[in-house]
1. Go through region 1-17 residue by residue and tally those that are open to solvent by 90 Å² or more (accessible area, probe 1.4 Å) and at pLDDT below 75.
2. What are the residues in region 125-139 that are outside any loop (DSSP other than H, G, I, E, B), open to solvent by 60 Å² or more (accessible area, probe 1.4 Å) and over 15 Å from ASP108 (Cα atoms), if any?
3. Do the conditions hold for LEU92, that is, is it under 30 Å from ARG43 (Cβ atoms) and modelled with pLDDT of 95 or more?
4. Residues of region 156-170 being at pLDDT 75 or above and either open to solvent by 90 Å² or more (accessible area, probe 1.4 Å) or hydroxyl-bearing (Ser, Thr, Tyr) (or both), which ones?
5. Give the residue, chosen from ASP69, ASP55, ASP30, that is modelled with pLDDT of 90 or more and over 10 Å from the mean Cα position of the chain (by Cα).
6. Suppose we filter VAL39, VAL106 for residues that are surrounded by 12 or more Cβ atoms within 10 Å (Cβ to Cβ) and over 26 Å from LYS127 (Cβ atoms); which single one remains?
7. Among the numbered criteria (1) open to solvent by less than 70 Å² (accessible area, probe 1.4 Å); (2) part of a helix (DSSP H, G or I); (3) at pLDDT 75 or above, which single criterion is violated by ALA22?
8. Within region 140-155, take every residue that is among the aliphatic types (A, V, I, L, M) and crowded, with 17+ Cβ neighbours inside 10 Å and give me the one that is nearest to SER118 (Cα to Cα).
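The values are calculated or read from the model by the stated rules, or taken from the named source; none is laboratory data. Small disclaimer: the values here were computed from a predicted structure and weren't measured. FYI the Cβ positions are ideal-geometry reconstructions off the backbone, even for glycines, and counts take in every protein chain you see. Side chains are part of the model used for accessible areas, which takes the heavy atoms of the whole protein and leaves out ligands, DNA and RNA. Shrake-Rupley method; radii C 1.70, N 1.55, O 1.52, S 1.80 Å.
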Amino acid sequence: MLEDVGDKNAQNTLAKLKEINAHPVSIIQDPRSAMSEKVVAMRLLGRGLGKDNDDHKILIGLLIPQTPDDLQSAVITQLSRNFDPRVPSLLLAPWKSYSPALRGQVLDALLSRRFWASMALDAIQKKQILAHEIDAIRRQRFLQHKDAQIRKTAETLFAAASNPDRVKVVTLYSAQMPEKSDAGRGAKLSAKS
């Protein structure tokens, strides 16, 4: 935007903003920088001070197993603060390498906006994310989403992923349970262990 303005003051301001943006980039890319410095520096990226595409590439480059989970978590938080429609794709790309905690954080971020939740369901439909990789809490959030279309899509996707044989196993197990329980026998069994 400022690049298109012919005003000399605007051009000077743009040059200063780019200079400001270069400092956090160098902190993040320096392997000797402390984790706390990197977390603070990344808050300036993707905010329009430099080139957001380049900033996103730097942040996404940190979403690898070799990066500590704390730093990956900060990257996910930073990206999820943006209203950029590319963010869901950026967050979902390294899905397979995320720890369970990071997967939960990514899903929480995606569930925070209707369009993003829809993109997460698209990823499940395309098998980029397997339905069984969604934990029960997030699955329930999809199924109880305020948007009717998201609820309907989630019902379809998660119903297809459930194993119908599980119902048979539970039914069979229930049928083999004794009608009366013996508390005395149970006490003896727990005393042995």
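1. 4
2. Across region 125-139, the qualifying residues are GLN125, HIS132.
3. Answer is yes for this residue.
4. Residue satisfying the conditions is THR156 alone.
5. ASP69
6. Testing whether each residue is surrounded by 12 or more Cβ atoms within 10 Å (Cβ to Cβ) and over 26 Å from LYS127 (Cβ atoms) leaves just VAL39.
7. For ALA22, the exception is condition (3).
8. ILE150
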